[in-house]
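Chemist: This is the structure, below, for whatever I ask next.
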Amino acid sequence: MKRFLTMFALVAVGALPALAEEKQEVPVDPVTGMKVAEGWELVRVHCTVCHSPQQFLQQKGTQSTWTDIIRWMQKSGGLWQFDADTESKIIAYLADNYGPDGAFRRAPIPGSLLPENPYMTGAKAEFEAKKKAGEVPVEAP
């Protein structure tokens, strides 16, 4: 029994540094609410020009998701093109600090993949007309 307790104590003491490492919180910038980690200043400079940090801090995404969001903003929102190094640092920061977790949910289903709506509204009729005219993308952005 004494040997078991000694082994248990050694294992427990050995696990303490790993637990402490896991519990370490990343400091948060008091002004923006952003996690202060490598690349955060680039995100602050480029992203808060157009919208509040709260708009993207509530999002979760993989590198692919954040890349798609940036491409969509560049295509339809007037976001400028980044040089490759800046873009990769921004995407890495967002994916590392605001990546998928237990609260991650799937992307919305594109309207072009939704079933027919039996309750036609003006907005739905407009969407259907644009879809027939080929003005609605088939794939999600």
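Chemist: Residues that are closer than 28 Å to residue 30 by Cβ and exposed (fewer than 11 other Cβ atoms within 10 Å of the Cβ): does the range 44-53 have at least one? I'd like the intermediate steps shown before the answer.
Modeler: The first filter runs over the range 44-53 and keeps only residues closer than 28 Å to residue 30 by Cβ, leaving 44-53.
Within this subset, residues satisfying the condition of being exposed (fewer than 11 other Cβ atoms within 10 Å of the Cβ) are 49.
Within the range 44-53, one or more residues are closer than 28 Å to residue 30 by Cβ and exposed (fewer than 11 other Cβ atoms within 10 Å of the Cβ).
Chemist: Return the only residue of 14, 102, 33, 78 being at pLDDT below 90 and on the phi > 0 side of the Ramachandran plot.
Modeler: Just one listed residue meets the conditions, 78.
Chemist: Next question, about the same structure. Restricting to the range 60-82, name every residue that is exposed (fewer than 14 other Cβ atoms within 10 Å of the Cβ) and part of a loop (DSSP other than H, G, I, E, B).
Modeler: Within the range 60-82, 77, 78, 80, 81 qualify.
Chemist: Quick check on residue 49: is it of a type in the set (A, V, I, L, M, F, W, C), touching a strand residue (DSSP E or B) at 6+ places or on another chain (Cβ under 6 Å) and assigned to a loop (DSSP other than H, G, I, E, B)?
Modeler: No, not satisfied.
The values are calculated or read from the model by the stated rules, or taken from the named source; none is laboratory data. Note that this is a predicted model, so its numbers are computed, not measured. Positions of Cβ are generated from backbone atoms using ideal geometry, with glycine treated the same way; all protein chains shown enter the neighbour counts.
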